[in-house]
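Q: Dumping the structure here so I can ask a few things about it.
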Amino acid sequence: MIRKAFRQGFLAVLLGLGAFSVGTAAELRGITVASDSHSAQVTLDLTDGARQNVFTLENPDRVVIDLPHTHMARGVRAPASAGVITGMRIGPQPRGTLRVVVQLKSALPAHSTWGSSSDGRLLILTFGETAVAVASAATGPKSVRAVHAPGEGDRDVVIAVDAGHGGVDPGAIGHGGTREKDVTLAIARALATRIDAEPGMRAVLTRNRDEFLELRERIARARAAHADMFVSVHADSIADRSVTGASVYVLSVHGASSEAARVLADRENSADLMGGIPVEDSPLGAVLIDATQSEIIGMSAGAAERVVTALEGVGEIRKAQVQRAGFVVLKSPAIPSMLVETAYISNPTEERRLRSPDQQMRLADAIASGVRSYFLQNPPDGTRIKQERRMASVGDAQTASAGH
Ligand SMILES: [Zn+2]
């Protein structure tokens, strides 16, 4: 451990002397400060990074943040003092460490946490009431601990809502000329609105305009938003105009649940061809499926079953079971994902209904209530829904013991 750290430090010094770009090192691209008379937040925008050493000094009160293997981008300046922050300095230290010093009006509790940006990492430092106390300099340098224990917190459950197709890829086209990409966007927007109205839940749209997105880009956007679930909205099409009803799919790792499911997956996967991007041709079987992946698929299926049940209330459902097939857009290694074929755009009645804002809202309602019901039962760690459930069960226990 120590030897490795030393080697990395040594390497950073060597590379720092040359004109090479350092692959493993991070760059500080900017600093933003928000401050008032009681508290402050300093955000460091980094290309990469995961470690920091934070300690305090007295006379004057300072918080020092050391970032190993980090250098400063050209043009980055320490922000001007504001509110409780009376000064800031940034400068290189030996062995490739970058030091940020935040001088404070008085000794304030400090807290540091890592977050992600779309293309890097954010180190968020807070000073003031919301932060946890830092040991004073009298006890020596000490790392700052997080406010919350793992598993606790009050963040929203985030649902990535993906409107199928878009841009050069219209998706399926109904006999009346309705394009799948337009109805999926309308339903996705309605679904996002519906989810945002749900306490403890929040939606993120992968696209909110007529835009071509590669399937893997859709997953990347969901990941960037730290989504707890990915829901891709589509409308199905088939030569037989009489076929109607919704279906819900999750990723299969053992082949498709039916030939029709396989054909559908092939068609949805070919969306990338529309944008001139070759579909990755490695069969799903070649993907290493580990325990985590099968657990994710189990979670996807659990949520998808609830969506199927909710859709049954809206109208017909084509298949009462969750279907399985190798959709590329569902191949997220970390996020439970489902694909909802809301109706058949190839059926003239369903095509008309898909264009109706009322029907779009009904479909959105059904999908949202299925997803909600899943998360009420299976709240992720750190979410408000989990916290409320824990408090509710404590309440139950107290009520129960009060009865004795
Ligand atoms: Zn589609």
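Q: Accessible area, 1.4 Å probe, largest first: how do Lys331, Lys181 sort? Working shown, then result.
A: Details: Lys331 35, Lys181 15 Å².
Output order, biggest surface exposure first: Lys331, Lys181.
Q: Also, quick follow-up: Is the stretch 189-252 best put as rounded, prolate or oblate by its Cα gyration tensor, with a ≥ b ≥ c the root eigenvalues, rounded for a/c under 1.5, and otherwise prolate when a/b is larger than b/c, oblate when not?
A: It is prolate, given that a/c is not under 1.5 and a/b is the larger ratio.
Q: What residues have an amide H closer than 5 Å to that of Ala203, excluding those fewer than 5 places away on the same chain, when H is modeled at 1.01 Å from N in the peptide plane?
A: Long-range HN contacts for Ala203: Ile159, Asp196.
Q: Right, another one. Within straight cross-link reach of Lys181, meaning Cα distance under 17 Å, which aspartates and glutamates are found once same-chain residues fewer than 8 apart are removed?
A: Leaving aside aspartates and glutamates fewer than 8 places away in the same chain, those within reach of Lys181 are Asp162, Asp169, Asp210, Glu211, Glu214, Glu217, Asp236, Glu268, Asp272, Glu341, Glu350, Glu351.
Q: Something else: Using +1 on the beta carbon of Lys and Arg, -1 on that of Asp and Glu, and nothing else charged, what's the dipole of the stretch 24-116 about the Cα centre, debye to 20? List each step's numbers first, then the result.
A: Values: 9 positive and 7 negative charges, 51 e Å.
It comes to approximately 240 debye.
Q: Test of understanding: extend the Cα→C-beta vector of Asp266 to 7 Å, then name every residue of the stretch 326-365 with backbone N under 16 Å from that spot.
A: From the stretch 326-365, the list is 326-328.
Q: Give me the net charge for the shell around Gly315: Cβ to Cβ below 10 angstrom, other residues only, Lys and Arg +1, Asp and Glu -1. Please report the intermediate quantities before stating the final value.
A: On the way: positive: Arg353, Arg362; negative: Glu312, Glu316, Glu350.
Around Gly315, the charge tally is -1.
Q: Within 10 Å, count the other beta carbons around each residue, average over each peptide in 58-64, 218-224, and list them highest first. It would help to have the intermediate numbers written out before the result.
A: Working: 58-64: 15.4, 218-224: 20.3.
Descending mean neighbour count gives 218-224, 58-64.
Q: Highest mean first, how do 77-90, 97-110 rank when packing is the count of other Cβ atoms within 10 Å averaged over residues?
A: 97-110, 77-90
The values are calculated or read from the model by the stated rules, or taken from the named source; none is laboratory data. Since the model is a prediction, treat every value here as computed from it, not as a measurement. No Cβ is skipped: glycine too gets one built from the backbone with ideal geometry, and neighbour counts run over all protein chains shown. The area values use the complete protein model at the heavy-atom level, side chains included, leaving out ligands, DNA and RNA. Shrake-Rupley method; radii C 1.70, N 1.55, O 1.52, S 1.80 Å.
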